[in-house]
Amino acid sequence: MRHRVAHRKLGRTTSHRLALLKNLAISLIQYEKIETTLPKAKELKPYFDKLVTKAKKGDLNAHRAVFALLQDKESTKKLINELVPALNGRTSGYTSIVKTGQRRGDAAQMATLEIIKG
């Protein structure tokens, strides 16, 4: 039974899973729309929403908190300077997941994760 088990392990160690989420978040900020497997998209959604919530404060501490999680200057700048003002009218739910079918090689369920603007 999975009572009170919070997250998916995605078949990875903790450090590998955190690096995966960080890299997926950087890609999502850079391209504003990515295609990945459905379990990865479902794990990335709350991770990215928490990043945006931290970045919404817009002060120096928010920059440092976002940079501490992403470790990428360009993505941090784009998130705080471009994406957060576009998401300012929303209180939550900054991303949407759309199922796109199955991957040809291994029939994994694929999904598109995109940032909702406006």
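Below, the figures for the structure above:
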| quantity | calculated |
| --- | --- |
| Test: residue in region 58-71 that is among the charged types (D, E, K, R), at pLDDT below 95 and either out of contact with any His (no Cβ under 9 Å at 6 or more places or on another chain) or part of a helix (DSSP H, G or I) (or both) | yes |
| Residues of region 75-110 that turn out to be in contact with a strand residue (DSSP E or B) (Cβ under 7 Å, 6 or more places away or on another chain), among the hydrophobic types (A, V, I, L, M, F, W, C) and not in a helix (DSSP H, G or I), as a count | 4 |
| Residue within region 78-96 that is touching a residue at least 60 places away in the same chain (Cβ under 8 Å), surrounded by 13 or more Cβ atoms within 10 Å (Cβ to Cβ) and within 26 Å of residue 5 (Cβ to Cβ) present | yes |
| Residue that is touching a Lys or Arg at 6+ places or on another chain (Cβ under 8 Å) and either closer than 26 Å to residue 10 by Cβ or of a type outside the set (Phe, Trp, Tyr) (or both), where the choices are 37, 53 | 37 |
| Selection count where residues are β-branched (Val, Ile, Thr) and part of a helix (DSSP H, G or I), scope region 20-47 | 2 |
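The values are calculated or read from the model by the stated rules, or taken from the named source; none is laboratory data. Given the structure is predicted, the values throughout are model-derived calculations rather than measurements. Cβ coordinates were reconstructed from backbone atoms using ideal geometry, including for glycine residues, and neighbour counts include every protein chain displayed.
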